[in-house]
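Structure record follows, encoded as structure tokens.
The values are calculated or read from the model by the stated rules, or taken from the named source; none is laboratory data. Remember, it's a predicted structure, so these values are computed and weren't measured experimentally. Ideal geometry is used to build each Cβ from the backbone, glycine not excepted, and the neighbour counts take in all protein chains shown. All accessible areas refer to the heavy atoms of the entire protein, side chains included, with ligands and DNA or RNA removed. Shrake-Rupley method; radii C 1.70, N 1.55, O 1.52, S 1.80 Å.
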Amino acid sequence: MSGHSTYEPKTPVTRWLDSRLPIIRLGYDSFIDYPTPRNLNYWWTFGAILSVCLVSQIITGVILVMHYNPSAAGAFASVEHIMRDVNYGWLIRYMHANGASMFFIAVYIHMLRGLYYGSYKAPREVLWILGCIIYLLMMATGFMGYVLPWGQMSFHGAVVITNLLGAFPIVGESITTLLWGGFAVDNPTLNRFFALHYLLPFMIAGVVVLHIWALHVAGQNNPMGVEPKSKADTVPFTPYATVKDAFGVSVFLILFAIFIFYMPNALGHADNYIPANPLVTPAHIVPEWYYLPFYAILRAVPDKLGGVLAMFGAIGVLFALPWLDTSKVRSMRYRPMAKMYFAILLVVCIILGFCGAKLPDDHVIPHLTTFRVIDADLNSFVWLSRFATLYYFGFFLVILPVLGLVEKPLPVPETIASPALSHPASAPDGAVAAPEMKG
Amino acid sequence: MLRKVSVIAAAFGLMGGLLAASPSLAAGHPLPPKDVHWSFEGPFGKFDQAQLQRGFKVYREVCSACHSMTLVSFRNLGDKDGPFYSEKYSNPNDSPWAKAIAAEYQINDIDSETGDVIQRPGTTADHFPAPFPNEPAARASNGGAMPPDFSVLAKARSGGPAYIYSLLTGYKTPPKELTVAAGQHYNPYMPGDLTGVWGGSHDHVPPGGFIAMAPPLKDGLVTFDDGTPSTVDQQAKDVAAFLMWAAEPKMVERKQTGFAVILYLLLFSGLLYASYRRVWRNQSH
């Protein structure tokens, strides 16, 4: 979508630089002159929000490293040293710890937005896959970061997750030994997790550059899923998108601040304030909230290797999404059936998250024993997660491929600027397009 | 087939709603902590300095016989929002109270001239010394149980200070169907599962678990210098508040900073929204 560069260096210095390294031109073309569809809604501000999250995590992380002691003996106390003795250490640490959660909230919204508006479809498959890689790297980074304070949940979470890799035949045991740096989670494990936790964010930053590059080649999708056809369909990135993104970021920061300053430990687990003790296993090991749906999928499968494969498959299926969705219509705005199944998927993901936080054998409806199926009562969280897992995979592997062939989509407007307003569904919707917003 | 899927999904939604509303009072779950009002609650909450001083006295005269608090140093007592803060001593190391309290403790050290192991009076830079030299010693003196360190205890228990208060005031005579091992005490607020030691009906397993610590507080056990009646309830509440301070000494600063930050962000968001409206004024979208 990025057409010919319109950048004209105005001073001798910029002219000199432009003919040697056109870096100002790159910035100008990417963030000032770049044509963006004029109908982007607030869900499109999450790209900017995520960039802020990444930068904030890297800056606070680098400062934390200056005071952190990556050893099994000293890690816990050094984190408390940051909280008590380092100037504004409490702020930096709470920003970093809650920043991880904020990062995941934003990335989940960003992914669901891509899913709903069909942003993964041609010509944006590579853009989508790069996003999936970023998400995978985020999962690894978040997990290793949670291990670093070396509290009870850090330690036993690391034990549970690293043991999962042992389920793979032949290579499994070697992988876990390599990850542990020994035969159990201990000081060497902490050290390699620390090294990787510092490395991976920069890999994320690298893939983000590719992600943005791919975005600027294919151009942004938009709520209508119709490619811009003329200048009337787009506005320059600056000031139109910049000011909207800035507003979105600022509102997001309010939510972030509420967590940092008023409920900094609400998203964590109390047990992680108990120093790691390999001899005492917490009654109930739960991962951070952003892994809970995958944890539920893992436990839904009665076989260990099967569970691990299902868990990785749940992310793997996202990589294949561009080829699983057979519909010619990009945006679900014009796909009433798909819209409904998308809403169910949303509920199912929340249910999976809920199941991940509960003990598998606990009753979903309290004090009600129904009948046993295979290994557990039907009224149990393990069965609830099985049904939910089935729908999760069913959505991607059955519903999306079949739906594209059988459903009758609503008429799609020709262009962004002049949508066919005869059909109510093609009228712009959402807060942005509401009449009172047309300034 | 697709309709069937949606029916199943609707059932999920219904179940989700049900489980969100369900109480969690089954066997193996302790009682939820009592509802306590704290001065440090809410976005403008502050520690009550008199309460922190009383709580510190309870800690020092009762708890510290078994419980360490190794992450807190004496100077912290004189920190802003701490139990002995005074505007006169902006540097907590100058606080006469922090100095005096530190000097009452004996700290293990090495004589820098001779290299001998010695004990010397504490300074404000020292941390609170642990009552036992190591974990086995602590366990040996406490029937095999390890008294947890107090530094971050209020953050390390779900329910926080309300849990600590509830536990301290929640000791109960065990029901007679309950087999209580020697050196154990029944407490309905202690996490645990009593199903295995319960002789009564399976549907009425009592909540809570066993704790090795005997009820530590008694009416009048500590004399409060400000004349506050020294009841078990008061002692428990004050020591729980003190432990919240010990775990989160920067809480008041945090909340005050947060108020300014959020106020700023609200104004900034308002300005950005106005700019957004102005920039997009002549654009249909």
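When averaged across all projection directions, what area in nm² does the alpha-carbon convex hull of segment A:148-274 cover? The directionally averaged projection comes out at 12.7 nm².
Please work out the FRET efficiency for the pair A:V373 and B:M146, using the Cβ-Cβ distance as r and a Förster radius of 51 Å; give the result to the nearest 0.05. So the FRET efficiency works out to roughly 0.75.
Using Cβ point charges alone (K and R +1, D and E -1), the dipole size of the protein assembly as shown about the Cα centre works out to roughly 2640 debye.
Given a 1.4 Å probe and the protein chains as shown, B:D79 ends up with an accessible area of around 40 Å².
Highest mobility in the GNM of chain A, judged by mean-square fluctuation with C-alpha springs under 10 Å and restricted to A:D362, A:D18, A:D271, is found for A:D18.
Measuring r between the beta carbons of B:S275 and A:D85 and using R0 = 41 Å, the FRET efficiency lands at 0.50. Note on segment A:238-384: percent of Cα-Cα distances in each 10 Å bin, starting at 0 and stopping at the bin with the largest distance, equals 9, 22, 30, 26, 10, 2, 0.
For A:I350, put the label point 7 Å out on the Cα→Cβ axis and report which residues of segment A:371-405 keep their amide N under 14 Å from it. Residues passing the 14 Å test: none. If one takes the longest principal axis of the Cα atoms in chain A, at what angle in degrees, from 0 to 90 and to the nearest 10, does the Cα axis of helix A:336-357 lie? Helix A:336-357 and the main axis of chain A meet at about 20 degrees. Between A:S30 and A:V280, the distance separating the two model label sites (each 7 Å from Cα on the Cα→Cβ line) works out to 5.0 nm.
In the complete set of protein chains, residue-level accessible area for B:W198 is approximately 40 Å², probe 1.4 angstrom.
Here the spin labels are modelled as points 7 Å beyond Cα on the Cα-Cβ line, and at A:L390 and B:D226 they lie 6.2 nm apart. For segment B:73-126, the equivalent ellipsoid derived from the Cα gyration tensor has semi-axes of 26, 9, 8 Å, listed largest first.
A simple count of charges around A:G219, restricted to other residues whose Cβ falls under 15 Å of its Cβ and scoring Lys, Arg +1 and Asp, Glu -1, yields +1. Of the residues A:F259, A:S119, A:C132, the one whose Cα sits farthest toward the positive end of the charge dipole of segment A:30-287, with +1 on the Cβ of Lys and Arg and -1 on the Cβ of Asp and Glu, is A:S119.
Working from label points 7 Å from Cα in the Cα-to-Cβ sense, the A:N69 to A:A357 distance is 3.5 nm. B:D225 contributes about 130 Å² of solvent-accessible surface, heavy atoms of the protein only, 1.4 Å probe.
Shown for chain A: lysine pairs separated by 8 or more places, or found on different chains, whose C-alpha atoms are under 29 Å apart, numbering 23.
The mean count of C-beta atoms from other chains within 10 Å of the C-beta of residues in A:255-264, rounded to a whole number, is 5. In terms of Cα atoms, the Rg and Dmax of segment A:30-287 work out to 20.6, 67 Å. Working note: Cα gyration tensor of chain A, eigenvalues times five, square-rooted, sorted largest first, giving semi-axes of 39, 31, 20 Å.
Within straight-line reach of B:K57, meaning a Cα separation under 28 Å, sit the following lysines at least 8 residues removed in sequence or on another chain: B:K34, B:K46, B:K80, B:K88, B:K99, B:K155, B:K172, B:K218, B:K237, B:K250, B:K255. Computed from Cα positions, the angle between helix A:381-394 and the longest principal axis of chain A comes to roughly 30 degrees.
If you take the Cα centroid of segment B:32-85 and the Cα centroid of segment A:322-382, the two points sit 45 Å apart.
To the nearest 0.05, what FRET efficiency results for B:D219 and B:S86 with a Förster distance of 30 Å applied to their C-beta separation?
According to the calculation, E is roughly 0.45.
Using only alpha-carbon positions in segment A:137-209, the gyration tensor eigenvalues give semi-axes of 21, 15, 11 Å once each is multiplied by 5 and square-rooted (largest first).
If you rank A:I24, B:I107 by how much accessible surface each has, with a 1.4 Å probe, what is the order from largest down? Walk me through the intermediate numbers first.
On the way: A:I24 70, B:I107 20 Å².
Ranked list, largest accessible area first: A:I24, B:I107.
For segment A:58-167, the alpha-carbon radius of gyration amounts to 1.32 times the rule-of-thumb value 2.2 N^0.38 Å expected for a compact globular protein. Under the criterion of Cα pairs below 8 Å and six or more residues apart, the relative contact order for chain B equals 24 percent. Measuring spread by the Cα atoms of segment B:184-285 yields a radius of gyration and Dmax of 26.8, 78 Å. Among the DSSP helices (H) of chain B, those spanning at least 24 angstrom by Cα along their long axis with an average Kyte-Doolittle hydropathy of -0.5 or more are B:2-21, B:251-279; this is a geometric and hydropathy rule only. Dipole magnitude for segment B:73-126: about 260 debye, using +1 per Lys or Arg Cβ and -1 per Asp or Glu Cβ, origin at the Cα centre. Of the residues A:E407, A:E227, B:E177, ranked by 1.4 Å probe accessible area with the largest first, the sequence reads B:E177, A:E227, A:E407. Ratio of Rg to Rh for chain B: 1.12 [Cα atoms; Kirkwood radius as inverse mean 1/r over pairs].
Could you let me know the centre-to-centre spacing of segment A:115-177 and segment A:237-265, using Cα atoms, in angstrom? Their Cα centres are 27 Å away from one another. Sorted largest first by accessible area at a 1.4 angstrom probe radius, with every protein chain in place, the residues B:L267, A:L112, A:L352 fall in the order B:L267, A:L112, A:L352. Net charge in the neighbourhood of B:L31 (other residues with Cβ under 15 Å of its Cβ; Lys, Arg +1, Asp, Glu -1) is +1. Pair-distance distribution P(r) for segment A:237-299, from all Cα-Cα distances in 5 Å bins starting at 0: 4, 12, 14, 13, 15, 13, 10, 8, 5, 4, 2, 0 percent.
Given Cα positions, please report Rg to Rh for segment B:152-235, the hydrodynamic radius being the Kirkwood one.
Using Cα coordinates only, the ratio equals 1.05.
For chain A, the longest principal axis of the Cα atoms and the long axis of helix A:89-116 meet at an angle of about 60 degrees. Cα centroid separation, segment A:383-419 to segment B:223-285: 43 Å. Evaluated with a Cβ-only charge set (Lys, Arg +1; Asp, Glu -1), segment A:27-170 carries a dipole of roughly 260 debye about its Cα centre, given to the nearest 20.
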